[in-house]
Protein chains: 2
Amino acid sequence: MSDQKPAGSLKVVGLGPGPDAWLTPEAASAVAEATDLVGYIPYVARCPEKPGQIRHASDNRVELDRARQAIDLARAGRHVAVVSGGDPGVFAMAAAVIEAIDADPVPIDYGFSVLPGISAMQAAAARLGAPLGGDFCAISLSDNLKPWAVIEKRLRAASEGDFVMAFYNPASKARPDGIHDAFRLLRRLKAATTPVAFARAVGRTDEHLTLTTLGEADPGLADMSTLVVIGSSLTRFVDKGGQRLMLTPRSVEMAG
Amino acid sequence: MSDQKPAGSLKVVGLGPGPDAWLTPEAASAVAEATDLVGYIPYVARCPEKPGQIRHASDNRVELDRARQAIDLARAGRHVAVVSGGDPGVFAMAAAVIEAIDADPVPIDYGFSVLPGISAMQAAAARLGAPLGGDFCAISLSDNLKPWAVIEKRLRAASEGDFVMAFYNPASKARPDGIHDAFRLLRRLKAATTPVAFARAVGRTDEHLTLTTLGEADPGLADMSTLVVIGSSLTRFVDKGGQRLMLTPRSVEMAG
């Protein structure tokens, strides 16, 4: 609050899945106006170079260090954009930055905001048709930050509630078998005919969609660029004119 | 496929929560280039007037009629944008259009695509901090299209799985008491200290956020413009420098 202190800012910015066509004007402006970009190397690389703007690119798995660096820069009066893929609020940088804010002994003395973006789940759903047309859940299969038992509990609960499921981080390096374990469990809990999709690199040149069923799916198709969708009991494929769409209808029939 | 038939198109377009800053360039282009806009009155009203472009605005709850009209127009060679608030794949028009495609005896003989948008849940989360930082689910509390028993089953499952919950349509006209019933149930299943937020009209001039707890919340705050967020057991409020943020941390502690 002293006159000497310049008013810095910290924006956590969602860049979306990749294409500029999915980048919101708000996010584009935040990137263009920032004095400093902070983020994981490929996300910083996605931002156009701008004279005078400083790029602080770092490797993955250093989210808290990155968040602390962003806070220090904002506190020093810089205008910082922490750039994140997808939506920063969905398995991305917003939580890490607020964890760092929480641990910071000094109060927030800079402008702080989170700018939403299109998340991988939405891009995948758009390409597939309308798989998220009913109630759904999003689960990160990475067990870097939570025990596998919690993931298993959530897969059971999501099956019990007949939610459509979207899996992020289906093949973490720490547990490449996670997706196989998840499918083994789901095959005990759900019908083999349940529609399943693997949506890889949606919006990028190597985009690839695989539409299959729980019984026939090869979980090995999922890598870290893949969003996996598991249907509810109502999800079905619609085949019309050579195009296959994945649909979870809006209506749940009343039990007879 | 005949030479006489003009190639029409049908795009289901997500306009986001309202502000142009959250409208993707892809969606803006689709609206600008359409010969026909089809949608619920307030969403069509949000699109800039354009000479020669035909606006087919309809009331709510006629989603399937609207979808069939869009298909007929596309089949006749028009370039149709079905405009939807938020993300069309999340409790919006994508499923209705694909249901109509499914029921259509004629195959898809026009270009069909779904264009994602920022959903209300993401706009609310951005304003609140990072409430969706862990695994989460999205549930429509409207029982127009599903029995209340299904909603109740999902609330139980989401509590069992300790998901963060985002509620869409928390106060449908058909069941204004739904949100009260939901809170009564959740108060039996979850701690009274669970952080809860009511995010009303996010991005609009009458935006209003209420951050409270499950025990103290007034469910009557939720109207049809409100997105309700119910925390997981790990969600907490972060109070720093006069700003209150809602955080679901990324880590789940390993059970000791």
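The values are calculated or read from the model by the stated rules, or taken from the named source; none is laboratory data. This one's a predicted model, so the numbers in the text were calculated from it and none came from an experiment. Neighbour counts run over all protein chains shown; Cβ positions are idealised from the backbone, glycine included. What goes into the accessible areas is simple: the full protein's heavy atoms, side chains included, and nothing from ligands, DNA or RNA. Shrake-Rupley method; radii C 1.70, N 1.55, O 1.52, S 1.80 Å.
Assorted remarks:
- A Gaussian network model of chain A, with springs between Cα atoms under 10 Å, assigns the largest mean-square fluctuation among A:Ala157, A:Ala123, A:Ala95 to A:Ala157.
- Gained length - B:Ala76 relative to B:Asp223, 0.36 nm times residue gap less alpha-carbon distance: 49.0 nm
- Interface residues of region A:219-240, defined as those losing at least 50 Å² of solvent-accessible heavy-atom surface relative to the isolated chain (probe radius 1.4 Å), are listed as A:Lys240.
- Across peptide A:96-103, the average count of Cβ atoms from other chains found within 10 Å of a residue's Cβ is 6.
- Cα long-axis angle, helix A:93-103 against chain A (0 to 90 degrees, to the nearest 10): 50 degrees
- For the residues of A:77-89, the average number of beta carbons from a partner chain within 10 Å of their own beta carbon is 2.
- Region B:204-256: GluC sites (Glu not before Pro) in DSSP coil with no more than 14 other Cβ atoms inside 10 Å: B:Glu216, B:Glu253
- Chain B: most fluctuating residue of B:Met224, B:Met121, B:Met93 per GNM, C-alpha cutoff 10 Å: B:Met224
- For chain A, the dipole from Cβ point charges (+1 on Lys and Arg, -1 on Asp and Glu) about the Cα centre works out to 480 debye, to the nearest 20.
- Residue and distance for the chain A Cβ closest to the axis that moves A onto B, in whole Å, come to A:Cys137, 2.
- As a fraction of the 1.4 Å probe accessible area of chain A, surface on carbon and sulfur atoms comes out at 52 percent.
- Rg and Dmax, both from the Cα atoms of chain B and both in Å, are 20.3, 71.
- Counting only DSSP H runs of at least 4 residues, each contributing -39500 (n - 2.57), and dividing by the residue count of the protein assembly as shown, the helix-based mean residue ellipticity at 222 nm comes to -8500 deg cm²/dmol.
- Spatially proximal lysines relative to B:Lys50 (Cα-Cα < 29 Å; intrachain offsets below 8 disregarded): B:Lys5, B:Lys11
- Sites A:Asn144 and B:Asp177, calculated FRET efficiency, Cβ-Cβ separation with R0 51 Å, nearest 0.05: 0.75
- Accessible area (Å², per residue) of the protein assembly as shown, counting only protein heavy atoms and a probe of 1.4 Å: 40 Å²
- Residue-level accessible surface for A:Cys47, protein heavy atoms, 1.4 Å, Å²: 10 Å²
- Area buried, chain A against chain B - accessible surface, total, 1.4 angstrom probe, square angstrom: 6200 Å²
- Relative contact order (%) - region A:121-247, alpha-carbon pairs under 8 angstrom, separation at least six: 30 percent
- Chain A: relative contact order in percent, alpha carbon pairs under 8 Å with at least 6 residues between: 19 percent
- Under Stokes-Einstein, with the Kirkwood radius over Cα pairs as Rh, the value for the protein assembly as shown at 37 °C and 0.692 mPa s is 142 µm²/s.
- Among beta bridges that DSSP assigns inside chain B, antiparallel share in %, nearest 5: 45 percent
- Considering only region A:121-247, percent of DSSP beta bridges that pair antiparallel, nearest 5: 75 percent
- Centre separation in Å (Cα based) which lies between region B:17-60 and region A:14-38: 23 Å
- Euclidean distance of C-alpha centroids, region A:166-220 and region A:76-124, integer Å: 28 Å
- Bins of 5 Å from zero: percent of alpha-carbon pairs in region A:121-247: 2, 12, 23, 25, 21, 11, 4, 1, 0
- Cα point-scatterer Debye curve for region B:76-187, base-10 log of I(q)/I(0) at q = 0.10 Å⁻¹: -0.40
- FRET efficiency estimate (nearest 0.05) - Cβ-Cβ, B:Leu209 to B:Lys153, R0 25 angstrom: 0.25
- A simple charge model with +1 on the Cβ of Lys and Arg, -1 on the Cβ of Asp and Glu and nothing else charged puts the dipole of region B:9-118 at about 200 debye relative to its Cα centre.
- Taken about its Cα centre, the protein assembly as shown carries a charge dipole of about 460 debye when Lys and Arg each add +1 at the Cβ and Asp and Glu each add -1 at the Cβ.
- Alpha-carbon gyration tensor eigenvalues x 5, square-rooted, for region B:9-118, Å: 20, 15, 13
- Three principal axis extents describe the C-alpha atoms of region A:70-119; from largest down they are 31, 21, 12 Å.
- Note on chain A: with a GNM built from Cα contacts shorter than 10 Å, the maximum mean-square fluctuation among A:Gln122, A:Gln53, A:Gln243 falls on A:Gln243.
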